[in-house]
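Below you'll find the structure, written out as structure tokens, and then a few comments.
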Amino acid sequence: MKYIIYDRYENAKALLSSTNELFARLGLEVLKPKESLLDCGGYFARFTQKDILVHNVAYNLALANSLNATLVFAEEDAYANALYAKTLIESDSTLMRDIETNFLHQFKLLYDSKVQMSYLPDLLNTLEFDNLIQKRFSPFSSIIVRGAYQGHLPKSTNHRIYEKIDLKMLENPLALQYYTHLLEVNPQSALYNGAKLFFDLADLGVDFILSYSLGQFDLLDSKRTELCKAYNRDNITLPIVFLPQILLLACGESDHKKLGFNHHQQKVEMF
């Protein structure tokens with residue numbers, strides 16, 4: 001099986017470097033197509049740029065399919081948009097043919113309904129890598145924050161990944177909140193409510209927050225200083241990390257560059 005990792009982000013070095021390192025550690029073949037992938041958009045893409053989003057997703061999937069590869073999304077924001085667009089395309093044969101004829105044809109690509117894409121947590125749940133695990137996380141605990149469209153995605157209750165590494169995952173309605181999209185329209189509200197979310201999660205006693213969403217990571221890590229100022233609180237040491245980083249740690253990786261920790265705004269030293 002060959003994979004292409006979706007990488008069309010403005011600021012995702014921590015996520016992408018750790019994801020590529022994890023795939024190498026797991027022995028998974030990653031292709032780097034000569035052609036660049038197209039943007040799957042942000043929160044507002046399906047409202048303000050729906051046609052562009054659908055065409056871009058069709059292109060990305062057709063390109064991956066032409067290389068006999070599965071397109072993998074390492075975080076939920078882009079994956080949710082891609083799944084939304086893929087569902088639209090494959091539920092309308094007229095739309096699919098129109099995209100092929102008037103858009104994909106110029107790239108000599110075809111759209112096949114059998115195109116493969118995968119969301120990283122789901123993919124990892126299908127793999128066996130027990131022999132690579134060197135460290136366990138007991139008695140650490142964490143909680144997952146997800147993307148804006150989490151309610152539109154199948155909710156997986158399979159915590160097999162975390163059971164493998166003895167990481168206790170808490171479930172609490174607090175973690176269902178999402179405010180990153182408000183940064184574009186009401187930054188004051190986004191920062192205040194984002195700060196409240198951060199400190200409320202900290203009060204649960206977790207050792208770190210696991211982000212499935214690049215937007216959540218940007219708000220809770222990159223904008224931590226602004227959050228604390230908006231909420232009139234001093235900063236606290238509570239890392240925001242991605243799933244690939246946790247699994248690399250479990251596999252014994254300690255190099256901060258390979259882990260992507262050097263790209264965090266908040267220092268990650270507890271590990």
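The values are calculated or read from the model by the stated rules, or taken from the named source; none is laboratory data. Remember, predicted model here, so these are calculated numbers, not experimental data. Glycine also receives a Cβ, built like all others from the backbone with ideal geometry; neighbour counts cover every protein chain displayed. When the accessible area is computed, the model is the full protein with side chains, heavy atoms only, and any ligands, DNA or RNA have been set aside. Shrake-Rupley method; radii C 1.70, N 1.55, O 1.52, S 1.80 Å.
On the stretch given as the stretch 100-144, residues that are polar (S, T, N, Q) and closer than 24 Å to Glu76 by Cα total 7. In summary, no helices (runs of 4 or more DSSP H) completely within the stretch 1-97 bear 2 or more residues that are in contact with a strand residue (DSSP E or B) (Cβ under 6 Å, 6 or more places away or on another chain), at pLDDT below 95 and surrounded by fewer than 17 Cβ atoms within 10 Å (Cβ to Cβ).
Quick check, is Phe199 of a type in the set (Phe, Trp, Tyr) and under 30 Å from Leu28 (Cβ atoms)? Considered against the rule, which asks whether it is of a type in the set (Phe, Trp, Tyr) and under 30 Å from Leu28 (Cβ atoms), Phe199 comes out as no. Pairs linking a residue in the stretch 38-54 that is over 17 Å from Gly215 (Cβ atoms) to a residue that is surrounded by 14 or more Cβ atoms within 10 Å (Cβ to Cβ) and among the hydroxyl-bearing types (Ser, Thr, Tyr), with Cβ atoms under 9 Å and 6 or more positions apart or on different chains, are Leu38/Tyr59; Val54/Tyr84. Here the condition is being over 22 Å from the mean Cα position of the chain (by Cα), exposed (fewer than 14 other Cβ atoms within 10 Å of the Cβ) and either outside any loop (DSSP other than H, G, I, E, B) or β-branched (Val, Ile, Thr) (or both); of Gln134, Gln188, it holds for Gln188 alone. Checking each residue in the stretch 163-181 for being open to solvent by less than 40 Å² (accessible area, probe 1.4 Å) and either in a loop (DSSP other than H, G, I, E, B) or without any contact (Cβ under 8 Å) to a residue 12 or more places away in the chain (or both) picks out Ile165, Leu167, Tyr178. Within the stretch 31-58, no residue satisfies the criterion of being of a type in the set (Phe, Trp, Tyr) and farther than 29 Å from Leu183 by Cα.
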